[in-house]
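**Student:** Sharing a structure with you now.
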Amino acid sequence: MKRVLLIIGGGIAAYKSLDLIRRLREQGVAVRVVMTEAAQKFVTPLAAGAIAGERVFTDLFDQAQEFDVGHIRLARECDLVIVAPATADFMAKAAHGLANDLASAVLLATDKPVLMAPAMNPLMWANAATRRNFATLQTQGLHFVGPNEGEMAESGERGVGRMAEPTEIRDAALALLSDGPLKGKRALVTAGPTIEAIDPVRFLSNRSSGKQGYAIASALAELGADVTLVSGPTNLPAPTGVKRVDVESAREMLAASQAALPLDVAVMVAAVADWRPAKEAKGKIKKDAAGVPAIALQENPDILATLSKLGKKRPKLVIGFAAETDRVEEHARAKIAKKGCDWIVANDVSGDVMGGAENAVILITKDKAEAWPRMAKEAVAHKLAAEIAKTLTAKGRRK
Ligand code: C5P
């Protein structure tokens, strides 16, 4: 039986969380409830406990409660943590890692996926501090459902800030609790830069951080895929549940990518160096030997095009990235044709995307071009992984 730890925060939407408990239990999910002090001003632990069929936990400093289960066990003995309503204050605490009550301590101590359902006044949701905290939590890989647009319960004001409905939160939770739509599917992600040696100490490379590719590898693994991440040199830790293969040059990246076949999906996010020095000097090129050396360049193999044109062994879905600075969609469409891939995720890199935390992309497939709002790279990854899952699991339909 799947088990959810539901943290109820202190907002008027807390009354909807009682219904959420029912909706989850109807699906055979056990629900254990933690309430903040403020939440208890809106609904009582007695009501939540009666609906959950379990005692409710409220106090980090209650010796009896801590002795009974304890915040570390609460954090671990579940498959998913849901925070509903997630108030502006709770999001701020979570974003900064505060842990001065049971709910925030549990959140800090958990190694399970976390789903937040924010609920607050539209001005609080729009406030720069909340935007920052939201972005931070997204970057940490937390999942979000809502908030929705609509009328606020207390003030009657309209705007974005209403908590998602219990059935929406339940559906988002069930998706995270399921074994994953990509179970049994094999995925390849290339990420980071490549480095191309000039001599044993010098190389050509680029500014790719690898963040977007790592986030995609992680999101695909969360959906149950068997993921190989072929990575150029980055400073990032390997995402959990992902097999990472470290490479340096484009040629090594190609070989490692081919070694990952057969594949259901290949997502080529790496910023592969277009050219490499035609000759790698065996020894360090001397500064004062013969003046300034000329470095002749030679084209690197195109990994995306190579995998796209594999014939029978071709991955079912091949996705490329396109970093463009102008006429983004037009160039991306030309790239689909030239490389033979199925989709292109195009981004405008004229701003601070490379190395930055956020990305604004257009997903271009043969029959659509969908511009996504600017969001954290983790959120782009979750959305792309969901699109991949939808396509790979659609029966009898390709791409
Ligand atoms: O041609 P361009 O470099 O703009 O294409 C970008 C896309 O092609 C990215 O998905 C990148 O990972 C992939 N690529 C590749 N091998 C190369 C060059 C680009 O896989 N040599």
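**Student:** Does V318 fit the bill of being within 14 Å of V267 (Cβ to Cβ), in contact with a Leu (Cβ under 9 Å, 6 or more places away or on another chain) and of a type outside the set (D, E, K, R)?
**Tutor:** Answer is yes for this residue.
**Student:** Does V292 satisfy the condition of being β-branched (V, I, T) and within 13 Å of the ligand (Cβ to nearest atom)?
**Tutor:** Spelling it out, it is not the case that V292 is β-branched (V, I, T) and within 13 Å of the ligand (Cβ to nearest atom).
**Student:** Further question: Which residue is most open to solvent (accessible area, probe 1.4 Å), if the candidates are limited to the stretch 280-312 and must be assigned to a loop (DSSP other than H, G, I, E, B) and of a type in the set (D, E)?
**Tutor:** Residue satisfying both the conditions and the ranking: D288.
**Student:** Using the structure shown, decide if L307 is away from the ligand (no atom under 12 Å from the Cβ) and touching a residue at least 40 places away in the same chain (Cβ under 8 Å).
**Tutor:** Here the answer is no, as L307 does not meet what is asked.
**Student:** I'd like to check which helices (runs of 4 or more DSSP H) are fully inside the stretch 9-74 and have at least 3 residues that are open to solvent by 10 Å² or more (accessible area, probe 1.4 Å) and under 17 Å from A119 (Cα atoms).
**Tutor:** Per the criteria, 14-26.
**Student:** Looking at the stretch 145-160, is at least one residue buried (at least 18 other Cβ atoms within 10 Å of the Cβ) and within 30 Å of V227 (Cα to Cα)?
**Tutor:** Yes, some residue in the stretch 145-160 is buried (at least 18 other Cβ atoms within 10 Å of the Cβ) and within 30 Å of V227 (Cα to Cα).
Residue-by-condition table, conditions (1) within 30 Å of G70 (Cβ to Cβ); (2) in contact with a Ser or Thr (Cβ under 9 Å, 6 or more places away or on another chain):
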site	(1), (2)
N100	yes, no
V106	yes, no
A117	yes, yes
V160	no, no
E168	no, no
A175	yes, no
D179	yes, no
L182	no, yes
I198	no, no
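**Student:** Here's a follow-up. If you check every pair at least six apart or on different chains, which have Cβ atoms under 8 Å apart with a residue in the stretch 269-281 that is under 9 Å from L297 (Cβ atoms) first and a residue that is of a type in the set (S, T, Y) and within 16 Å of the ligand (Cβ to nearest atom) second?
**Tutor:** Pairs found: R276/S249.
**Student:** Which one of T136, T87, T167, T110 is of a type in the set (S, T, Y) and either under 17 Å from G10 (Cβ atoms) or surrounded by 22 or more Cβ atoms within 10 Å (Cβ to Cβ) (or both)?
**Tutor:** T87
**Student:** Given the conditions (1) assigned to a strand (DSSP E or B); (2) surrounded by 15 or more Cβ atoms within 10 Å (Cβ to Cβ), report the number of the one that P315 does not fulfil.
**Tutor:** (1)
**Student:** Next up: Does V245 meet the test of being within 22 Å of A305 (Cβ to Cβ), among the β-branched types (V, I, T) and within 12 Å of the ligand (Cβ to nearest atom)?
**Tutor:** Here the answer is no, as V245 does not meet what is asked.
The values are calculated or read from the model by the stated rules, or taken from the named source; none is laboratory data. Source: prediction; values computed, not measured. Positions of Cβ are generated from backbone atoms using ideal geometry, with glycine treated the same way; all protein chains shown enter the neighbour counts. Surface areas here come from the heavy atoms of the whole protein model, side chains and all, with no ligands, DNA or RNA. Shrake-Rupley method; radii C 1.70, N 1.55, O 1.52, S 1.80 Å.
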